[in-house]
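Shown next, in structure tokens, is the structure this report addresses.
Coordinate-derived values only; no laboratory data. Values in this document were obtained by computation on a predicted structure and should not be read as measured data. Positions of Cβ are backbone-derived with ideal geometry, glycine not excepted, and every protein chain shown enters the neighbour counts.
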Amino acid sequence: PMSDRSTDPFADGRRDGDAALYEMLRDVEFADQAFELLAVNLTAYGWGVLCAWLRSGTIFSKCAEQGRPVIPSDGERAVLYNEPDELHGLVNETLAEALVFLRAQAVSGEGKWDPTGDSLLTTYFVGACVLRFPTVYRRWSRLQQRTPPPAAVEVDVDQPAAGSVEDAVVAQITAEEG
């Protein structure tokens, strides 16, 4: 399990704040508006962590450590490295699923986060993201396999495409001169 005690000198103060927030949420049964406050903070934290872990590949070893291995192909790694929108989409879906998971566990009383334990709520949430990531990734991977790469298009660089910006500029200049 992930722990914050040994690495963060301010963790105890944040843990107290986490405990107070979690208690308030539990008192209102994790109502929508109250949960949004927590969700904004967790996703802001989780976004940075997951983006970095996905870029570096760390997320794959974290999943394996939890007994949920995911092995990306070289092509998938290339897509994630070269196409930020794909990476961000995976991160967003993982964050959303982890929030749903966290809330469902908290509402049912099955949530295992302990304010007196070793983890901050943000660390616990990142752990939930690691648990949800394999499902999100496999769904994305299946889509990647079904979506053919864009067809190659021959471009004549000497002749601007019809309706291009270049055509519009030439037309405007011609009209002004004529």
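Available extension along the chain between Q105 and S56 is 14.7 nm, counting 0.36 nm per residue and deducting the alpha carbon span.
Label-to-label distance, L143 versus E176, with points set 7 angstrom from Cα along the beta-carbon direction: 4.5 nm.
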